[in-house]
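Every read-out reported here was derived from the displayed coordinates using simple, explicitly stated rules and does not represent laboratory data. The structure displayed is predicted, hence computed values, not measured ones. Note: ideal-geometry Cβ built from the backbone for every residue, glycine included; neighbour counts use all protein chains shown.
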Amino acid sequence: MPQGARTERVGEEFREILAEAIPRLKDPRIGFVTVTGVRVSADLRHARVFYTSLGDERARRATRAALRSATPHLRHELGRQVRLKAVPELVFEEDPSFEIGARVDRLLERIAQPRSGSKEP
């Protein structure tokens with residue numbers, strides 16, 4: 001099996017585990033979080049966890065801090081459920097695709113609105 005397929009499979013398994021573990025965290029700073037993907041390095045030592053969270057910038061900053069402080073617990077949870085030689089270091093990153101998609105939607109809506117003063121048949 002090619003290395004890329006293995007890291008993708010491991011990343012998807014991590015995504016599922018983390019998606020279940022994060023809502024169970026007792027930290028009140030964590031809002032509604034969706035784990036959108038996990039990119040694992042070829043040596044399986046590092047994993048970048050991409051997520052989206054709802055709320056204003058202040059709420060998202062609080063969620064980011066809470067995830068950072070919960071990283072040791074989440075690594076332990078991964079280690080408990082996945083058999084690997086070493087549990088990877090986790091780095092949480094907000095997934096920009098959600099924000100980019102929302103911006104594209106707003107632009108498309110603006111384009112679709114009829115222009116005032118235009119002469120339509």
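The table for this structure:
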{"read-out": "Residue count for segment 46-64, restricted to those that are surrounded by fewer than 13 Cβ atoms within 10 Å (Cβ to Cβ) and under 17 Å from A19 (Cα atoms)", "value": "1"}
{"read-out": "Given (1) in a helix (DSSP H, G or I); (2) over 22 Å from E13 (Cα atoms), number of the condition G31 does not satisfy", "value": "(1)"}
{"read-out": "All positions within segment 79-102 that are more than 26 Å from A59 (Cα to Cα) and assigned to a helix (DSSP H, G or I)", "value": "G79, R80, Q81"}
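Okay, residues lined up against (1) touching a residue at least 12 places away in the same chain (Cβ under 8 Å); (2) within 12 Å of the chain's Cα centre (by Cα); (3) farther than 16 Å from T7 by Cα:
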| position | (1), (2), (3) |
| --- | --- |
| I22 | yes, yes, yes |
| K26 | no, no, yes |
| H73 | yes, no, yes |
| G101 | no, no, yes |
